[in-house]
1. When A15 is evaluated against the numbered criteria (1) in contact with a Ser or Thr (Cβ under 7 Å, 6 or more places away or on another chain); (2) surrounded by 15 or more Cβ atoms within 10 Å (Cβ to Cβ), which criterion, by number, is the only one it fails?
2. Might you let me know whether the range 54-68 holds any residue that is over 21 Å from I83 (Cα atoms) and out of contact with any strand residue (DSSP E or B) (no Cβ under 9 Å at 6 or more places or on another chain)?
3. Is it true that some residue in the range 56-67 is in contact with a Lys or Arg (Cβ under 9 Å, 6 or more places away or on another chain), in contact (Cβ under 8 Å) with a residue 12 or more places away in the chain and more than 18 Å from P19 (Cβ to Cβ)?
4. Out of everything in the range 49-77 that is polar (S, T, N, Q) and over 21 Å from L13 (Cβ atoms), what residue ends up being farthest from the chain's Cα centre (by Cα)?
5. Just to be sure, is A41 surrounded by 10 or more Cβ atoms within 10 Å (Cβ to Cβ), among the hydrophobic types (A, V, I, L, M, F, W, C), in contact (Cβ under 8 Å) with a residue 12 or more places away in the chain and out of contact with any Ser or Thr (no Cβ under 8 Å at 6 or more places or on another chain)?
6. Would you pick out the residues in the range 15-38 that are of a type in the set (K, R) and without any contact (Cβ under 8 Å) to a residue 40 or more places away in the chain?
7. If we keep just the residues of the range 58-83 that are touching a helix residue (DSSP H, G or I) at 6+ places or on another chain (Cβ under 9 Å) and part of a helix (DSSP H, G or I), which is surrounded by the fewest Cβ atoms within 10 Å (Cβ to Cβ)?
8. Can you pull out every residue in the range 1-32 that is of a type in the set (A, V, I, L, M, F, W, C) and either under 14 Å from V49 (Cα atoms) or touching a strand residue (DSSP E or B) at 6+ places or on another chain (Cβ under 6 Å) (or both)?
Amino acid sequence: MANNIYNLQADTLKAIAHPTRIEILQQLQQGERCVCEIFPALNIEQPNVSRHLSILKKEGIVSSRKEGLKVIYRVNDQRIFKILDLVTEMLKEHWDSRKEAFA
């Protein structure tokens, strides 16, 4: 049973462990967005954004709904942003301590 939870944790972390997917999540932090709004903001092709969104959706991080011809995405659990914030804090502390060591 314990291995199963580790696998699920790893799958979730792998799903967010890509710069493009982190950028997509940052776009969705302000609320729902259509793919047609996301890909120009990231300056990458729409099929590439859709592929990354499907990975996030498969892991339950985002969900989608159709609105006419548009597909609208949203983050399912806002706590995902706490994870990203914690990683950012860790990086800042790590680099600050390294700078001090070389000062």
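Laboratory data are not the source of any read-out in this text; all were calculated from the coordinates shown. Keep in mind the model is a prediction, meaning the values are calculated, not measured. Backbone-built Cβ (ideal geometry, glycine too); neighbour counts: all protein chains shown.
1. Looking at each condition in turn, A15 falls short on (1).
2. yes
3. yes
4. Applying the filter and picking the extreme gives S64.
5. Yes; evaluated as a whole, the condition is true for this residue.
6. Across the range 15-38, the qualifying residue is only R21.
7. Here the residue is K58.
8. If the condition is that a residue be of a type in the set (A, V, I, L, M, F, W, C) and either under 14 Å from V49 (Cα atoms) or touching a strand residue (DSSP E or B) at 6+ places or on another chain (Cβ under 6 Å) (or both), then A15, I16, I22, I24, L25, L28 are the ones that fit.
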